[in-house]
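I have placed the structure first, in the form of structure tokens, so that the comments after it can refer back to it.
Where a number appears in this text, it was derived from the coordinates with a stated rule and is not lab data. The model shown is predicted, which means the values in this text are computed figures rather than measured ones. FYI the Cβ positions are ideal-geometry reconstructions off the backbone, even for glycines, and counts take in every protein chain you see.
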Amino acid sequence: MLKYVAKRSLIAVFVVFVVASMTYFLLSIMPGETPVTIVQRVFVGDPEYNPSQSEITATEQMFNLGDPLWVQYLRWLRNALHGDFGTSIYSGRPVFDEIMVRLPATIELAVAATIISVLIAIPLGVISAAKQNSKLDYLSMGLATFFIAMPSFWLGLILILVFSLYLNLLPVAGYGGLQHLILPAVTLSAGMMAVTTRLTRSSVLEVLRLDYVRTARAKGVGERAILYTHVLRNAMIPVVTIVGLQLGFLLAGTVIVETIFAWPGIGKLLIDSIDARDIPVIQGCAVLMAITFSLVNLLVDLSYYLLDPRVRL
């Protein structure tokens, strides 16, 4: 177990390193305004200001932006290993602090959406498999297909239109109590719920056709006991995989939904930073996303052994 965890941890570290390095170099060679020009315009407070060559030189010396790219990269990598991702160009605050301020909101939204999805999708998928080709099965699979095909931004706008503008039951956007959480959480959970429902159904159906299930029926074991005692646990491995990947995606930042509902999470921070070309914040968000996915994948792999003892790491 420890050997496997150590091996996967090294792989995760390598993935984070590659993502961080690619993000740094791609942002550095990206066409458009240079960081020096952006810094000068922020200092002056004029978005149309064109700095002189002397001002550009002074700014490069102040922020060490005149060094070769590989020197700047090594300096950034050394600082990043100590949790220092630089300073936001626009807010003037450390990037790490900017991310930590936004992270709780993203975690709250991601966990709420995942709970809604799992509590509805897994029971619905199991029931659909147990009642295969019934009206309930057709209805649940039809709804799942519909929500898979539905873009999240469209669903979010429809929910705002119905529950906020027409019925006046929930706030349009913002961050606060439970009322502000409902619409974005439901919007996020819809697609997750559809995918998890279909995967649960197909996984349960596959396990129901195995020999040991047929043997349990021959011994007189009831269908409910077979389904929930023998089948469900063995069918959960692919379901846990997809739920873990979805959770990792949500924790990394739900860009569209957070933008629609003005939810102050990582996704909204990333969009605002891209729009403002705040390169240090973009780099920090990319590293956070890589770390999140790597940790979630490791936890999902470890959960296989708990679900099915036959699995050996």
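Across 5 Å bins from the origin, how do the percents of Cα pairs in the range 97-307 run, short distances first?
For the range 97-307, the pair-distance distribution reads 1, 7, 13, 16, 16, 14, 12, 9, 6, 4, 2, 1, 0, 0.
Using a Förster distance of 22 Å, how high is the FRET efficiency between residue 148 and residue 111, based on the Cβ-Cβ distance and rounded to 0.05?
Details: r = 22 Å, r/R0 = 1.00.
Efficiency at R0 = 22 Å is approximately 0.50.
How high is the FRET efficiency from residue 132 to residue 306, r the C-beta distance, R0 25 Å, rounded to 0.05?
0.30
If all Cα-Cα distances of the range 77-166 are sorted into 5 Å bins from 0 onward, what percent lands in each bin, rounded to whole numbers?
2, 10, 10, 13, 14, 11, 10, 9, 7, 5, 4, 2, 0
Return 208, 288 ranked ascending by Cβ neighbour count within 10 Å, so the fewest neighbours appear first.
Ascending number of Cβ neighbours within 10 Å: 208, 288.
At 25 °C and a viscosity of 0.890 mPa s, what translational diffusion coefficient does Stokes-Einstein give for the range 144-184, taking Rh as the Kirkwood radius over Cα pairs? Give it in µm²/s as a whole number.
Estimated via Stokes-Einstein, D reaches 226 µm²/s.
With a sphere of radius 15 Å drawn around the Cβ of residue 82, what net charge do the other residues whose Cβ falls strictly inside it have (Lys, Arg +1; Asp, Glu -1)?
0
About the Cα centre, and with charges only on the beta carbon of Lys, Arg (+1) and Asp, Glu (-1), how big is the dipole of the range 97-307? Nearest 20 debye, please.
Dipole size: approximately 1080 debye.
So, with +1 on the Cβ of K and R and -1 on the Cβ of D and E, and no other charges, what is the size of the charge dipole of the range 70-162 about its Cα centre, to the nearest 20 debye?
Here the range 70-162 has a charge dipole of around 120 debye.
Roughly speaking, what is the stretch gain from residue 21 to residue 223, that is 0.36 nm per residue apart minus the C-alpha to C-alpha distance, in nm to one decimal?
Working: separation 202, 0.36 × 202 = 72.72 nm, distance 5.37 nm.
Stretched fully, the residue 21-residue 223 segment lengthens by 67.3 nm.
By how many nm would the segment from residue 166 to residue 81 lengthen if fully extended, with 0.36 nm per residue of separation less the alpha-carbon distance?
Stretched out fully, the residue 166 to residue 81 stretch lengthens by 25.6 nm.
What's the exposure ranking of 150, 22, going from fewest to most Cβ atoms within 10 Å?
22, 150
What is the fewest-to-most order of 200, 23, 241, 292 by other Cβ atoms lying within 10 Å of their Cβ?
With the fewest neighbours first, 200, 23, 241, 292 line up as 241, 23, 292, 200.
If I take R0 = 25 Å and measure r between the Cβ atoms of residue 214 and residue 241 in this structure, what FRET efficiency does the formula 1/(1 + (r/R0)^6) give, to the nearest 0.05?
0.40
Obtain the nm distance between the two label points defined at residue 158 and residue 14 by a simple spin-label model: each point lies 7 Å from its Cα along the Cα-to-C-beta direction.
Placing both labels 7 Å along Cα→Cβ, they lie 4.4 nm apart.
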